[in-house]
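Take a look at the structure below.
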2 protein chains.
Amino acid sequence: MPATSTGAAGGARRPGTRSRGAGGAATSAAPRQRQRERSDATVEDLLTAARALFATDGYGATSLDAVCERAGVTKGALYHHFTGKRELFSGVYAREQEALAAAISAAYLKVADRPWEALFEGSRAYLEASIDPEVQRITLFDAPGALGWEAMRTLGFDCRELTFRGVARAIRKGAIPARPADPLTSMLYGGLSESAMAIARAEDPQAALAETLDELRRLFDAIAGS
Amino acid sequence: MPATSTGAAGGARRPGTRSRGAGGAATSAAPRQRQRERSDATVEDLLTAARALFATDGYGATSLDAVCERAGVTKGALYHHFTGKRELFSGVYAREQEALAAAISAAYLKVADRPWEALFEGSRAYLEASIDPEVQRITLFDAPGALGWEAMRTLGFDCRELTFRGVARAIRKGAIPARPADPLTSMLYGGLSESAMAIARAEDPQAALAETLDELRRLFDAIAGS
DNA sequence: ACAGTCACATACCTTCGGTATGTATGTTCC
DNA sequence: GGAACATACATACCGAAGGTATGTGACTGT
């Protein structure tokens, strides 16, 4: 044990001054609640910091030291809550997927009684949300290489699964000609993802988005009426 | 300059024993040809070794030391021919794209007089070639994160560009209803890429491929007849 | 209040991408 | 044909970054 007591005397030092929770009022209100809140707050800070850096610098160029510094924590905290860089990114990715899935579901449910139209609206929502370069960097560029196919699909509620359900339901309800749902799901989901990337890199993203939605409309009409 | 003469006396040591070319016959046959051949051979070895490791272990998990060892060279050689890991991967990626593009073109040209059918055949070729997990790991999983969008599209003859040309030509020739070519290109190319990944992970890849080609047929027919 | 656990902080190790430098093999020019 | 130069590497080293071992104070059940 070289150089034990570092610097000044003991006590919780700089990185963060962890002391969340609503003041120090009722200590007996919640038995083991304090530690949970502290943990949750730290995890929240780590995920927020990581999401910001991953989104702008990318997975490879983001160092855990930078994440910890931004979160006001040290690597001890990070490795206490995550097994490593992969799982940290995994957490960020899961949140991103959750947000996308929420947007898709909300759009879908507005016209859920018309299955095919509902899938179109869900697709539109996914496309519009996925245009954000930060979202793209995480979910479309870095996630495949960092997490792999299996992890991407098993993590939280992924959008591909949502798309599959929408396609399957449209088929079941007879909104489009009968067929296996998987192939069409892949074509639709992959097409939308690639479209989002292309739109974000276009000279005029707004125009590109409009053109893409037009094409999507044509495709949906063509599929339904064949 | 610490520890100058390392180990035994000088002389070209183990890593490779570079001595390509057709023997040492006519020395005056080609003026500056020997070095070129040597360089080309080294680059070839590096790209081959890198492709093997990148394909199986992925970009992040592949170390340059491992690549050099497999190629029978040291890092001095690698950094003489490439600026770094990115460019090495870039070279591997470019070759992969070239091979895919060649397969697409060959299939397309067989029925080039029917633009829409030709694009279908090109799509089929891309799909079948992209099912290989090694190809996928390089071109679909790691390339986006490692190279980014711009580099992927400007590197060599990329398949998306080929798809675009096929779509644009089909529109120009009136094989499908008029529309901007870019959105449909994205939907098609992205859909095929995602489909390839799904097929490779399916329980029965052959059956999944057949179903996907059926769906592709339906989609092409629907688009043409709308 | 005391023992045990949790949530971190500190210090260290190892791997790996990248660089600086040395050197043998061509290549060119006189 | 040999000196001068360029090319194609090999060797040795550096710094950054992911990961680990260990210590310590705050929190918690008894």
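The values are calculated or read from the model by the stated rules, or taken from the named source; none is laboratory data. These numbers were taken from a predicted model, which means no experiment stands behind them. Here Cβ is always computed from backbone atoms with ideal geometry, including for glycine, and neighbour counts include all displayed protein chains.
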Since residue A:154 meets every condition but one in (1) under 12 Å from the mean Cα position of the chain (by Cα); (2) among the hydroxyl-bearing types (Ser, Thr, Tyr); (3) more than 26 Å from residue A:202 (Cβ to Cβ), which condition does it not meet? (1)
Restricting the search to the range A:196-213, which residues are more than 7 Å from chain B (Cβ to nearest Cβ) and not small (Gly, Ala, Ser)? A:199, A:203, A:204, A:205, A:206, A:209, A:213
So, in the range A:194-208, how many residues would count as being among the aliphatic types (A, V, I, L, M) and over 20 Å from residue B:151 (Cβ atoms)? 2
Of all residues in the range A:43-89, count the ones that are assigned to a helix (DSSP H, G or I), within 22 Å of residue B:148 (Cα to Cα) and in contact (Cβ under 8 Å) with a residue 40 or more places away in the chain. 8
If the Cβ limit is 6 Å and pairs must be 6+ apart or interchain, which residue in the range B:175-197 that is in the same structural domain as residue B:162 (by TED's automatic domain parsing) and touching a residue at least 40 places away in the same chain (Cβ under 8 Å) pairs with which residue that is of a type in the set (A, V, I, L, M, F, W, C) and not in a helix (DSSP H, G or I)? B:196/B:131
Would you mind stating whether residue B:62 is outside the structural domain of residue B:135 (by TED's automatic domain parsing) and crowded, with 21+ Cβ neighbours inside 10 Å? yes
Among (1) over 16 Å from residue B:189 (Cα atoms); (2) touching a Leu at 6+ places or on another chain (Cβ under 9 Å); (3) away from every other protein chain (no Cβ under 12 Å), the one test that residue B:110 misses: (2)
So which of A:39, A:28, A:63 ends up being at pLDDT 90 or above and either over 30 Å from residue B:143 (Cβ atoms) or more than 7 Å from DNA strand D (Cβ to nearest atom) (or both)? A:39
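Is the range B:138-153 home to any residue that is part of a loop (DSSP other than H, G, I, E, B) and either at the interface with another protein chain (Cβ under 8 Å from one of its Cβ atoms) or in contact (Cβ under 8 Å) with a residue 60 or more places away in the chain (or both)?
Initially, the range B:138-153 is screened for residues part of a loop (DSSP other than H, G, I, E, B), giving none.
Looking for residues that are part of a loop (DSSP other than H, G, I, E, B) and either at the interface with another protein chain (Cβ under 8 Å from one of its Cβ atoms) or in contact (Cβ under 8 Å) with a residue 60 or more places away in the chain (or both), one finds none in the range B:138-153, hence no.
Please work out if residue B:118 is within 29 Å of residue B:171 (Cα to Cα), modelled with pLDDT of 95 or more, hydrophobic (A, V, I, L, M, F, W, C) and touching a helix residue (DSSP H, G or I) at 6+ places or on another chain (Cβ under 6 Å). Before the answer, list the steps.
Working: within 29 Å of residue B:171 (Cα to Cα): yes; modelled with pLDDT of 95 or more: yes; hydrophobic (A, V, I, L, M, F, W, C): yes; touching a helix residue (DSSP H, G or I) at 6+ places or on another chain (Cβ under 6 Å): yes.
Considered against the rule, which asks whether it is within 29 Å of residue B:171 (Cα to Cα), modelled with pLDDT of 95 or more, hydrophobic (A, V, I, L, M, F, W, C) and touching a helix residue (DSSP H, G or I) at 6+ places or on another chain (Cβ under 6 Å), residue B:118 comes out as yes.
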